[in-house]
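Here is the structure we will look at, set down as C-alpha coordinates.
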2 protein chains.
Amino acid sequence: MSVEWQPVRQSRTHELVLESIEQRVFAGELKAGDRLPPERELAPVLGVSRSALREALRVLETIGVLVAQAGRGPDAGARIVRNPDDALGRLLRLHFALGSYRLEDVLEARVVLERSSFAAAAEHASAEDLDEAEALLVRMQEPSVGVAEFNDLDTRFHVQIARSSGNQLTSTLTSAVRESVRPLILRALEAAEDWPATADGLNVEHAELLRLVRAGQGAEAADLAEKHIRGFHGTLVDEKDEGGEAAG
Amino acid sequence: MSVEWQPVRQSRTHELVLESIEQRVFAGELKAGDRLPPERELAPVLGVSRSALREALRVLETIGVLVAQAGRGPDAGARIVRNPDDALGRLLRLHFALGSYRLEDVLEARVVLERSSFAAAAEHASAEDLDEAEALLVRMQEPSVGVAEFNDLDTRFHVQIARSSGNQLTSTLTSAVRESVRPLILRALEAAEDWPATADGLNVEHAELLRLVRAGQGAEAADLAEKHIRGFHGTLVDEKDEGGEAAG
(Lines give C-alpha, C1' and ligand atoms only; values in the text may rest on other atoms or scores of the structure.)
Protein backbone atom coordinates (compact mmCIF):
# COMPACT_ATOMS: atom_id res chain seq x y z
CA MET A 1 0.00 0.00 0.00
CA SER A 2 1.50 3.30 -1.03
CA VAL A 3 1.68 6.05 1.56
CA GLU A 4 -0.20 9.11 0.40
CA TRP A 5 1.69 12.35 -0.01
CA GLN A 6 0.52 15.13 2.27
CA PRO A 7 0.68 18.76 1.24
CA VAL A 8 3.50 20.67 2.89
CA ARG A 9 2.18 23.34 5.21
CA GLN A 10 3.27 26.63 3.68
CA SER A 11 3.70 29.47 6.06
CA ARG A 12 2.80 32.63 4.29
CA THR A 13 5.15 35.58 4.35
CA HIS A 14 2.99 37.94 6.41
CA GLU A 15 2.61 35.20 9.02
CA LEU A 16 6.40 34.87 9.29
CA VAL A 17 6.72 38.63 9.74
CA LEU A 18 4.04 38.52 12.41
CA GLU A 19 5.86 35.75 14.27
CA SER A 20 9.15 37.57 14.05
CA ILE A 21 7.65 40.70 15.65
CA GLU A 22 5.86 38.60 18.27
CA GLN A 23 9.11 36.89 19.19
CA ARG A 24 10.69 40.27 19.88
CA VAL A 25 7.75 41.22 22.07
CA PHE A 26 7.97 37.94 24.02
CA ALA A 27 11.71 38.41 24.45
CA GLY A 28 11.10 41.90 25.85
CA GLU A 29 13.05 43.51 23.00
CA LEU A 30 9.97 45.43 21.84
CA LYS A 31 8.00 47.25 24.49
CA ALA A 32 5.06 49.61 24.58
CA GLY A 33 6.20 53.01 23.32
CA ASP A 34 8.93 51.59 21.08
CA ARG A 35 8.90 52.45 17.43
CA LEU A 36 9.37 50.08 14.51
CA PRO A 37 11.72 51.14 11.74
CA PRO A 38 9.97 52.70 8.72
CA GLU A 39 8.53 50.16 6.27
CA ARG A 40 11.09 50.93 3.57
CA GLU A 41 13.90 50.05 6.00
CA LEU A 42 12.27 47.12 7.77
CA ALA A 43 11.11 45.24 4.67
CA PRO A 44 14.61 44.61 3.22
CA VAL A 45 16.02 43.74 6.67
CA LEU A 46 13.34 41.06 7.06
CA GLY A 47 13.82 40.02 3.45
CA VAL A 48 10.15 40.47 2.55
CA SER A 49 8.14 42.66 0.22
CA ARG A 50 6.64 45.87 1.54
CA SER A 51 3.15 44.53 0.86
CA ALA A 52 3.78 41.42 3.01
CA LEU A 53 5.20 43.63 5.75
CA ARG A 54 2.21 45.93 5.55
CA GLU A 55 -0.21 43.00 5.85
CA ALA A 56 1.48 41.97 9.10
CA LEU A 57 1.43 45.55 10.41
CA ARG A 58 -2.30 45.86 9.67
CA VAL A 59 -2.93 42.73 11.69
CA LEU A 60 -0.96 44.12 14.63
CA GLU A 61 -2.87 47.40 14.39
CA THR A 62 -6.18 45.58 14.46
CA ILE A 63 -5.29 43.58 17.54
CA GLY A 64 -4.27 46.77 19.32
CA VAL A 65 -0.51 46.38 19.66
CA LEU A 66 0.58 48.84 16.98
CA VAL A 67 -0.42 52.35 15.96
CA ALA A 68 0.52 53.78 12.59
CA GLN A 69 1.89 57.31 12.88
CA ALA A 70 -0.94 59.07 11.14
CA GLY A 71 -0.04 62.35 9.52
CA ARG A 72 3.68 61.68 9.64
CA GLY A 73 3.96 60.12 6.23
CA PRO A 74 4.56 56.50 5.38
CA ASP A 75 8.12 56.54 6.69
CA ALA A 76 7.53 57.56 10.28
CA GLY A 77 7.50 54.02 11.66
CA ALA A 78 4.64 52.56 13.68
CA ARG A 79 4.60 52.63 17.47
CA ILE A 80 4.02 49.70 19.83
CA VAL A 81 1.05 50.33 22.13
CA ARG A 82 -1.19 48.32 24.41
CA ASN A 83 -4.78 48.90 23.55
CA PRO A 84 -6.49 45.53 23.77
CA ASP A 85 -10.05 46.61 24.56
CA ASP A 86 -11.32 47.61 21.13
CA ALA A 87 -9.62 44.67 19.44
CA LEU A 88 -11.07 42.14 21.84
CA GLY A 89 -14.51 43.71 21.63
CA ARG A 90 -14.43 43.59 17.84
CA LEU A 91 -13.26 39.98 17.86
CA LEU A 92 -15.98 38.78 20.24
CA ARG A 93 -18.69 40.83 18.52
CA LEU A 94 -17.85 39.26 15.15
CA HIS A 95 -17.68 35.77 16.58
CA PHE A 96 -20.95 36.22 18.42
CA ALA A 97 -22.57 37.37 15.16
CA LEU A 98 -21.17 34.28 13.43
CA GLY A 99 -22.75 32.04 16.02
CA SER A 100 -19.54 30.89 17.69
CA TYR A 101 -21.27 31.52 21.04
CA ARG A 102 -24.81 31.05 22.18
CA LEU A 103 -26.61 33.80 24.04
CA GLU A 104 -26.73 31.68 27.22
CA ASP A 105 -22.95 31.32 27.02
CA VAL A 106 -22.58 35.09 26.91
CA LEU A 107 -25.00 35.48 29.81
CA GLU A 108 -23.04 33.06 32.02
CA ALA A 109 -19.72 34.67 31.07
CA ARG A 110 -21.11 38.12 31.95
CA VAL A 111 -22.34 36.82 35.28
CA VAL A 112 -18.98 35.43 36.40
CA LEU A 113 -16.95 38.36 35.09
CA GLU A 114 -19.22 41.07 36.47
CA ARG A 115 -19.67 39.38 39.84
CA SER A 116 -15.90 39.55 40.09
CA SER A 117 -15.78 43.17 38.86
CA PHE A 118 -18.38 44.45 41.32
CA ALA A 119 -16.80 42.58 44.25
CA ALA A 120 -13.33 43.91 43.40
CA ALA A 121 -14.64 47.42 42.77
CA ALA A 122 -16.16 47.49 46.26
CA GLU A 123 -12.66 46.82 47.55
CA HIS A 124 -10.47 48.85 45.21
CA ALA A 125 -12.42 51.62 43.44
CA SER A 126 -11.35 55.20 44.09
CA ALA A 127 -13.90 57.91 44.89
CA GLU A 128 -13.11 59.55 41.53
CA ASP A 129 -13.86 56.32 39.65
CA LEU A 130 -17.21 56.03 41.39
CA ASP A 131 -18.04 59.69 40.83
CA GLU A 132 -17.57 59.06 37.13
CA ALA A 133 -19.87 56.05 37.36
CA GLU A 134 -22.44 58.16 39.19
CA ALA A 135 -22.31 60.87 36.52
CA LEU A 136 -23.31 58.23 33.96
CA LEU A 137 -26.25 57.15 36.11
CA VAL A 138 -27.41 60.75 36.48
CA ARG A 139 -27.54 61.11 32.71
CA MET A 140 -29.50 57.85 32.41
CA GLN A 141 -32.14 59.26 34.74
CA GLU A 142 -32.90 62.26 32.53
CA PRO A 143 -36.42 61.81 31.12
CA SER A 144 -35.29 62.94 27.68
CA VAL A 145 -32.68 60.21 27.27
CA GLY A 146 -33.24 58.07 24.17
CA VAL A 147 -32.90 54.31 23.95
CA ALA A 148 -29.60 54.31 22.05
CA GLU A 149 -28.02 56.81 24.44
CA PHE A 150 -29.34 54.89 27.43
CA ASN A 151 -27.72 51.73 26.05
CA ASP A 152 -24.41 53.56 25.55
CA LEU A 153 -24.44 54.92 29.09
CA ASP A 154 -25.48 51.53 30.47
CA THR A 155 -22.52 49.86 28.75
CA ARG A 156 -20.19 52.58 29.98
CA PHE A 157 -21.42 52.18 33.56
CA HIS A 158 -20.65 48.45 33.58
CA VAL A 159 -17.27 49.04 31.92
CA GLN A 160 -16.45 51.85 34.37
CA ILE A 161 -17.11 49.54 37.32
CA ALA A 162 -14.94 46.86 35.71
CA ARG A 163 -12.13 49.39 35.20
CA SER A 164 -12.37 50.66 38.73
CA SER A 165 -11.89 47.09 40.00
CA GLY A 166 -8.18 47.54 39.33
CA ASN A 167 -8.04 44.37 37.23
CA GLN A 168 -7.21 45.31 33.63
CA LEU A 169 -7.84 41.83 32.28
CA THR A 170 -11.30 41.23 33.72
CA SER A 171 -12.08 44.80 32.75
CA THR A 172 -11.08 44.10 29.14
CA LEU A 173 -13.04 40.86 29.08
CA THR A 174 -16.13 42.39 30.72
CA SER A 175 -16.12 45.21 28.24
CA ALA A 176 -15.62 42.90 25.23
CA VAL A 177 -18.31 40.46 26.33
CA ARG A 178 -20.76 43.33 26.98
CA GLU A 179 -19.87 44.74 23.54
CA SER A 180 -20.56 41.43 21.84
CA VAL A 181 -24.26 41.65 22.71
CA ARG A 182 -24.67 45.42 22.45
CA PRO A 183 -26.80 45.30 19.24
CA LEU A 184 -29.01 42.64 20.81
CA ILE A 185 -29.49 44.67 23.98
CA LEU A 186 -30.25 47.77 21.94
CA ARG A 187 -32.98 45.95 20.03
CA ALA A 188 -34.43 44.58 23.27
CA LEU A 189 -34.56 48.07 24.76
CA GLU A 190 -36.18 49.41 21.59
CA ALA A 191 -38.80 46.66 21.78
CA ALA A 192 -39.66 47.33 25.44
CA GLU A 193 -43.44 47.73 25.74
CA ASP A 194 -43.19 50.39 28.44
CA TRP A 195 -39.86 52.10 27.92
CA PRO A 196 -40.10 54.57 30.84
CA ALA A 197 -40.89 51.72 33.24
CA THR A 198 -38.03 49.58 31.85
CA ALA A 199 -35.61 52.48 32.20
CA ASP A 200 -36.82 53.21 35.75
CA GLY A 201 -36.32 49.61 36.79
CA LEU A 202 -32.78 49.53 35.44
CA ASN A 203 -31.99 52.91 37.00
CA VAL A 204 -33.10 51.76 40.44
CA GLU A 205 -30.89 48.67 40.20
CA HIS A 206 -27.88 50.65 38.97
CA ALA A 207 -28.22 53.15 41.81
CA GLU A 208 -28.38 50.36 44.37
CA LEU A 209 -25.36 48.63 42.77
CA LEU A 210 -23.33 51.81 43.03
CA ARG A 211 -24.44 52.36 46.64
CA LEU A 212 -23.24 48.86 47.59
CA VAL A 213 -19.90 49.38 45.86
CA ARG A 214 -19.40 52.72 47.64
CA ALA A 215 -20.27 51.08 50.96
CA GLY A 216 -17.63 48.41 50.35
CA GLN A 217 -20.26 45.66 50.38
CA GLY A 218 -18.64 43.50 47.70
CA ALA A 219 -20.56 40.27 48.27
CA GLU A 220 -23.94 42.03 48.16
CA ALA A 221 -22.92 44.02 45.09
CA ALA A 222 -21.89 40.78 43.32
CA ASP A 223 -25.22 39.12 44.13
CA LEU A 224 -27.23 42.10 42.93
CA ALA A 225 -25.09 42.34 39.78
CA GLU A 226 -25.92 38.71 39.00
CA LYS A 227 -29.64 39.32 39.58
CA HIS A 228 -29.48 42.50 37.47
CA ILE A 229 -27.76 40.76 34.55
CA ARG A 230 -29.94 37.65 34.64
CA GLY A 231 -33.07 39.77 34.99
CA PHE A 232 -32.61 41.85 31.89
CA HIS A 233 -30.32 39.65 29.85
CA GLY A 234 -32.67 36.74 30.46
CA THR A 235 -35.35 38.52 28.43
CA LEU A 236 -33.12 38.75 25.34
CA VAL A 237 -33.79 36.51 22.39
CA ASP A 238 -31.03 35.45 20.08
CA GLU A 239 -32.43 35.87 16.60
CA LYS A 240 -29.97 33.32 15.28
CA ASP A 241 -31.80 30.72 17.38
CA GLU A 242 -35.26 31.71 16.27
CA GLY A 243 -35.20 30.03 12.90
CA GLY A 244 -34.52 26.73 14.60
CA GLU A 245 -30.94 26.91 13.40
CA ALA A 246 -28.35 25.76 15.91
CA ALA A 247 -26.04 28.58 16.84
CA GLY A 248 -23.35 26.52 18.51
CA MET B 1 -8.34 83.64 19.84
CA SER B 2 -8.12 81.51 16.75
CA VAL B 3 -9.54 78.02 16.91
CA GLU B 4 -6.89 75.47 16.12
CA TRP B 5 -7.41 73.17 13.16
CA GLN B 6 -7.67 69.52 14.02
CA PRO B 7 -6.47 66.81 11.64
CA VAL B 8 -9.30 65.05 9.84
CA ARG B 9 -9.50 61.42 10.84
CA GLN B 10 -8.68 59.46 7.70
CA SER B 11 -10.14 56.03 7.51
CA ARG B 12 -7.74 53.86 5.66
CA THR B 13 -8.93 51.69 2.82
CA HIS B 14 -8.34 48.30 4.45
CA GLU B 15 -10.34 49.51 7.46
CA LEU B 16 -13.29 50.39 5.21
CA VAL B 17 -13.13 46.94 3.61
CA LEU B 18 -13.04 45.36 7.04
CA GLU B 19 -16.09 47.32 8.15
CA SER B 20 -17.97 46.42 4.99
CA ILE B 21 -17.39 42.69 5.58
CA GLU B 22 -18.27 43.07 9.27
CA GLN B 23 -21.54 44.78 8.37
CA ARG B 24 -22.49 41.79 6.23
CA VAL B 25 -21.71 39.45 9.10
CA PHE B 26 -23.78 41.52 11.54
CA ALA B 27 -26.66 41.61 9.06
CA GLY B 28 -26.52 37.83 8.76
CA GLU B 29 -25.69 38.01 5.05
CA LEU B 30 -22.36 36.27 5.59
CA LYS B 31 -22.40 33.13 7.70
CA ALA B 32 -19.91 30.46 8.69
CA GLY B 33 -19.26 28.26 5.67
CA ASP B 34 -19.95 31.00 3.14
CA ARG B 35 -17.29 31.83 0.61
CA LEU B 36 -16.09 35.28 -0.38
CA PRO B 37 -15.70 36.00 -4.09
CA PRO B 38 -12.12 35.63 -5.38
CA GLU B 39 -9.91 38.65 -4.74
CA ARG B 40 -9.77 39.65 -8.41
CA GLU B 41 -13.59 39.88 -8.48
CA LEU B 42 -14.15 41.38 -5.04
CA ALA B 43 -11.59 44.18 -5.27
CA PRO B 44 -13.22 46.01 -8.22
CA VAL B 45 -16.73 45.53 -6.74
CA LEU B 46 -15.57 47.21 -3.53
CA GLY B 47 -13.66 49.79 -5.53
CA VAL B 48 -10.35 49.13 -3.78
CA SER B 49 -6.94 47.85 -4.77
CA ARG B 50 -6.17 44.17 -4.37
CA SER B 51 -3.49 44.98 -1.82
CA ALA B 52 -5.96 46.90 0.38
CA LEU B 53 -8.41 44.02 0.08
CA ARG B 54 -5.71 41.53 0.97
CA GLU B 55 -4.73 43.52 4.07
CA ALA B 56 -8.32 43.31 5.30
CA LEU B 57 -8.51 39.58 4.54
CA ARG B 58 -5.30 38.93 6.49
CA VAL B 59 -6.79 40.68 9.49
CA LEU B 60 -9.92 38.55 9.28
CA GLU B 61 -7.80 35.40 8.99
CA THR B 62 -5.81 36.35 12.06
CA ILE B 63 -8.90 36.93 14.17
CA GLY B 64 -10.25 33.54 13.13
CA VAL B 65 -13.23 34.44 10.97
CA LEU B 66 -11.73 33.64 7.55
CA VAL B 67 -9.68 30.82 6.08
CA ALA B 68 -7.80 31.21 2.83
CA GLN B 69 -8.31 28.25 0.53
CA ALA B 70 -4.77 26.92 0.68
CA GLY B 71 -3.67 24.96 -2.34
CA ARG B 72 -6.53 26.21 -4.49
CA GLY B 73 -4.73 29.14 -5.99
CA PRO B 74 -5.28 32.81 -5.29
CA ASP B 75 -8.68 32.86 -6.97
CA ALA B 76 -10.49 30.23 -4.94
CA GLY B 77 -12.09 32.71 -2.54
CA ALA B 78 -11.70 32.58 1.23
CA ARG B 79 -14.23 30.86 3.47
CA ILE B 80 -15.96 32.29 6.56
CA VAL B 81 -15.28 30.17 9.64
CA ARG B 82 -15.60 30.52 13.38
CA ASN B 83 -12.35 29.71 15.03
CA PRO B 84 -11.88 32.27 17.79
CA ASP B 85 -9.68 30.30 20.18
CA ASP B 86 -6.26 30.71 18.57
CA ALA B 87 -6.88 34.35 17.73
CA LEU B 88 -7.95 35.23 21.23
CA GLY B 89 -5.04 33.31 22.74
CA ARG B 90 -2.58 35.12 20.51
CA LEU B 91 -4.10 38.49 21.33
CA LEU B 92 -3.99 37.98 25.09
CA ARG B 93 -0.51 36.44 24.99
CA LEU B 94 0.86 39.45 23.13
CA HIS B 95 -0.87 41.91 25.41
CA PHE B 96 0.31 40.08 28.49
CA ALA B 97 3.87 40.20 27.16
CA LEU B 98 3.48 43.94 26.55
CA GLY B 99 2.43 44.48 30.12
CA SER B 100 -1.21 45.34 29.46
CA TYR B 101 -2.11 43.00 32.32
CA ARG B 102 -0.43 42.24 35.61
CA LEU B 103 0.12 38.68 36.71
CA GLU B 104 -2.34 39.11 39.60
CA ASP B 105 -4.98 40.21 37.11
CA VAL B 106 -4.47 37.03 35.12
CA LEU B 107 -4.61 34.95 38.29
CA GLU B 108 -7.95 36.47 39.35
CA ALA B 109 -9.38 36.09 35.85
CA ARG B 110 -8.33 32.44 35.77
CA VAL B 111 -9.94 31.86 39.14
CA VAL B 112 -13.35 33.21 38.16
CA LEU B 113 -13.38 31.61 34.72
CA GLU B 114 -12.17 28.20 35.86
CA ARG B 115 -14.46 28.10 38.91
CA SER B 116 -17.28 28.54 36.44
CA SER B 117 -15.84 25.92 34.03
CA PHE B 118 -15.41 23.26 36.68
CA ALA B 119 -18.86 23.87 38.16
CA ALA B 120 -20.53 23.73 34.73
CA ALA B 121 -18.49 20.68 33.68
CA ALA B 122 -19.76 18.79 36.75
CA GLU B 123 -23.25 19.45 35.45
CA HIS B 124 -22.85 19.13 31.68
CA ALA B 125 -19.74 17.13 30.74
CA SER B 126 -20.26 13.89 28.81
CA ALA B 127 -18.47 10.70 29.80
CA GLU B 128 -16.46 10.88 26.56
CA ASP B 129 -15.27 14.42 27.38
CA LEU B 130 -14.11 13.29 30.79
CA ASP B 131 -12.44 10.16 29.40
CA GLU B 132 -10.40 12.43 27.18
CA ALA B 133 -9.49 14.56 30.19
CA GLU B 134 -8.48 11.40 32.07
CA ALA B 135 -6.25 10.23 29.20
CA LEU B 136 -4.32 13.50 29.54
CA LEU B 137 -3.88 12.94 33.28
CA VAL B 138 -2.60 9.41 32.68
CA ARG B 139 0.09 10.75 30.38
CA MET B 140 1.08 13.37 32.96
CA GLN B 141 1.67 10.62 35.51
CA GLU B 142 4.27 8.82 33.39
CA PRO B 143 7.64 9.20 35.12
CA SER B 144 9.37 9.92 31.81
CA VAL B 145 7.27 12.98 31.02
CA GLY B 146 9.34 16.12 30.53
CA VAL B 147 8.53 19.57 31.84
CA ALA B 148 7.47 21.03 28.49
CA GLU B 149 5.20 18.08 27.71
CA PHE B 150 3.75 18.21 31.22
CA ASN B 151 2.92 21.88 30.72
CA ASP B 152 1.26 21.10 27.39
CA LEU B 153 -0.85 18.35 28.89
CA ASP B 154 -1.69 20.51 31.91
CA THR B 155 -2.94 23.29 29.64
CA ARG B 156 -4.94 20.79 27.59
CA PHE B 157 -6.55 19.33 30.73
CA HIS B 158 -7.81 22.73 31.86
CA VAL B 159 -9.00 23.58 28.34
CA GLN B 160 -10.71 20.19 27.99
CA ILE B 161 -12.67 20.77 31.21
CA ALA B 162 -13.63 24.25 29.98
CA ARG B 163 -14.82 22.79 26.66
CA SER B 164 -16.79 20.06 28.34
CA SER B 165 -18.66 22.71 30.35
CA GLY B 166 -20.78 23.30 27.26
CA ASN B 167 -20.07 27.04 27.33
CA GLN B 168 -18.06 27.96 24.23
CA LEU B 169 -17.35 31.48 25.39
CA THR B 170 -15.97 30.74 28.83
CA SER B 171 -14.07 27.89 27.20
CA THR B 172 -12.49 30.28 24.70
CA LEU B 173 -11.67 32.79 27.42
CA THR B 174 -10.27 30.15 29.80
CA SER B 175 -8.07 28.78 27.08
CA ALA B 176 -6.84 32.22 25.99
CA VAL B 177 -6.10 33.38 29.52
CA ARG B 178 -4.25 30.13 30.28
CA GLU B 179 -2.30 30.57 27.03
CA SER B 180 -1.29 34.10 27.95
CA VAL B 181 0.80 32.83 30.87
CA ARG B 182 2.00 29.58 29.30
CA PRO B 183 5.65 30.72 28.91
CA LEU B 184 5.66 31.92 32.51
CA ILE B 185 4.24 28.65 33.81
CA LEU B 186 6.76 26.69 31.75
CA ARG B 187 9.66 28.63 33.26
CA ALA B 188 8.23 28.13 36.76
CA LEU B 189 7.99 24.37 36.18
CA GLU B 190 11.55 24.31 34.81
CA ALA B 191 12.75 26.14 37.91
CA ALA B 192 11.03 23.77 40.35
CA GLU B 193 13.61 22.58 42.89
CA ASP B 194 12.13 19.10 43.16
CA TRP B 195 10.42 18.45 39.84
CA PRO B 196 9.09 14.95 40.62
CA ALA B 197 7.49 16.23 43.85
CA THR B 198 6.00 19.26 42.06
CA ALA B 199 4.58 17.00 39.35
CA ASP B 200 3.18 14.58 41.94
CA GLY B 201 1.44 17.36 43.81
CA LEU B 202 -0.19 18.71 40.65
CA ASN B 203 -1.16 15.19 39.55
CA VAL B 204 -2.92 14.46 42.85
CA GLU B 205 -4.92 17.68 42.58
CA HIS B 206 -5.86 17.07 38.94
CA ALA B 207 -7.07 13.55 39.75
CA GLU B 208 -9.21 14.84 42.60
CA LEU B 209 -10.60 17.62 40.40
CA LEU B 210 -11.63 15.09 37.77
CA ARG B 211 -13.18 12.82 40.40
CA LEU B 212 -15.33 15.66 41.72
CA VAL B 213 -16.45 16.62 38.20
CA ARG B 214 -17.38 12.98 37.44
CA ALA B 215 -19.30 12.79 40.71
CA GLY B 216 -21.27 15.90 39.76
CA GLN B 217 -19.92 17.81 42.76
CA GLY B 218 -19.69 21.17 41.05
CA ALA B 219 -19.33 23.40 44.10
CA GLU B 220 -16.50 21.28 45.54
CA ALA B 221 -14.78 21.09 42.15
CA ALA B 222 -14.95 24.89 41.84
CA ASP B 223 -13.44 25.38 45.30
CA LEU B 224 -10.62 22.93 44.63
CA ALA B 225 -9.97 24.51 41.22
CA GLU B 226 -9.54 27.88 42.93
CA LYS B 227 -7.16 26.40 45.49
CA HIS B 228 -5.25 24.57 42.73
CA ILE B 229 -4.84 27.72 40.63
CA ARG B 230 -3.94 29.98 43.53
CA GLY B 231 -1.52 27.41 44.90
CA PHE B 232 0.61 27.02 41.84
CA HIS B 233 -0.07 30.28 40.05
CA GLY B 234 0.67 32.12 43.28
CA THR B 235 4.29 30.96 43.08
CA LEU B 236 4.81 32.57 39.67
CA VAL B 237 6.85 35.70 39.36
CA ASP B 238 6.25 38.17 36.60
CA GLU B 239 9.70 39.10 35.34
CA LYS B 240 8.35 42.37 34.01
CA ASP B 241 7.73 43.37 37.63
CA GLU B 242 11.14 42.36 38.89
CA GLY B 243 13.07 45.30 37.57
CA GLY B 244 10.83 47.61 39.55
CA GLU B 245 9.12 48.63 36.34
CA ALA B 246 5.38 49.08 36.56
CA ALA B 247 3.65 46.54 34.36
CA GLY B 248 0.16 48.03 34.51
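The values are calculated or read from the model by the stated rules, or taken from the named source; none is laboratory data. These numbers come from a predicted model, not from an experiment. In this analysis, Cβ positions are derived from the backbone assuming ideal geometry, glycine residues included, and neighbour counts consider all displayed protein chains. Just the protein is used for accessible areas: all its heavy atoms, side chains included, with ligands, DNA and RNA removed. Shrake-Rupley method; radii C 1.70, N 1.55, O 1.52, S 1.80 Å.
Out of the stretch B:9-26, which residues are open to solvent by 30 Å² or more (accessible area, probe 1.4 Å) and within 9 Å of chain A (Cβ to nearest Cβ)?
B:Arg9, B:Gln10, B:Arg12, B:Glu15, B:Phe26
Please determine whether any residue of the stretch A:3-25 is touching a Pro at 6+ places or on another chain (Cβ under 7 Å), modelled with pLDDT under 90 and over 25 Å from B:Asp86 (Cα atoms).
The answer is no; no qualifying residue exists.
Give the residue, chosen from B:Leu46, B:Leu92, B:Leu107, that is within 30 Å of A:Leu186 (Cβ to Cβ) and more than 8 Å from every other protein chain (Cβ to nearest Cβ).
After ruling out the rest, the residue left standing is B:Leu46.
Out of the helices (runs of 4 or more DSSP H) lying entirely within the stretch B:130-236, which hold 3 or more residues that are open to solvent by 20 Å² or more (accessible area, probe 1.4 Å)?
Ranges flagged: B:147-164, B:182-190, B:195-214, B:218-233.
Among the residues of the stretch A:105-124, what is the count of those that are over 16 Å from A:Glu220 (Cα atoms) and open to solvent by less than 40 Å² (accessible area, probe 1.4 Å)?
Adding up the residues that qualify gives 5.
For B:Arg82, only one of the following conditions fails: (1) facing chain A (nearest Cβ under 7 Å); (2) assigned to a helix (DSSP H, G or I); (3) closer than 25 Å to A:Arg102 by Cα. What is its number?
It is condition (2) that B:Arg82 fails.
Among the listed residues B:Gly99, B:Gly89, identify the single one that is farther than 30 Å from B:Val67 by Cβ and either open to solvent by less than 10 Å² (accessible area, probe 1.4 Å) or in contact with a Pro (Cβ under 8 Å, 6 or more places away or on another chain) (or both).
B:Gly99
Yes/no per residue for (1) among the β-branched types (Val, Ile, Thr); (2) outside the structural domain of B:Asn167 (by TED's automatic domain parsing); (3) modelled with pLDDT under 85; (4) not in a helix (DSSP H, G or I):
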position: B:Leu42; (1), (2), (3), (4): no, yes, no, no
position: B:Val45; (1), (2), (3), (4): yes, yes, no, no
position: B:Val48; (1), (2), (3), (4): yes, yes, no, yes
position: B:Leu60; (1), (2), (3), (4): no, yes, no, no
position: B:Arg72; (1), (2), (3), (4): no, yes, yes, yes
position: B:Ala76; (1), (2), (3), (4): no, yes, yes, yes
